[in-house]
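The values are calculated or read from the model by the stated rules, or taken from the named source; none is laboratory data. Because the structure is predicted, anything quoted here is derived from the model rather than measured. Backbone-built Cβ (ideal geometry, glycine too); neighbour counts: all protein chains shown.
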């Protein structure tokens, strides 16, 4: 893993996403180059990049590994990427500048925190915003934990 951390630094990455069961790929959000690097975990080499636009700030993977979700502060949106084809599926506009993103374990919802103290809920099947929850503080990160598994 230390080789991957060094590669993350070399790429100028600001955050990364991986799933415990998906040991073959690491996804890195590169703030400086406005893209995502896809790294083969075994060979520790970049095997692809996907352009996502201005200021990627948070990244997560769907529970089944089929989608990558990238929060982008610069455009106030979340980019949805197909993991298999490494291509952008759609972009979802959110209120405020998104900071962090998390996927529900069942794959039905995406949660996004914003600089405007909002928790935005996105329906992962339709890629539409279904709720905006006002928070009392600006949440820098979000993690979805299954009930009883903290």
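Structural remarks
- Taken over the range 62-72, the criterion of being farther than 11 Å from residue 29 by Cβ and crowded, with 17+ Cβ neighbours inside 10 Å is satisfied by 62, 63, 67.
- Among (1) in contact with a strand residue (DSSP E or B) (Cβ under 9 Å, 6 or more places away or on another chain); (2) surrounded by fewer than 15 Cβ atoms within 10 Å (Cβ to Cβ); (3) at pLDDT 85 or above - the single one residue 59 does not satisfy: (2)
- Against the list (1) more than 13 Å from the chain's Cα centre (by Cα); (2) not in a strand (DSSP E or B), the condition residue 63 fails is (1).
- Set 145, 133: member being over 24 Å from residue 38 (Cβ atoms), assigned to a loop (DSSP other than H, G, I, E, B) and at pLDDT below 90: 145
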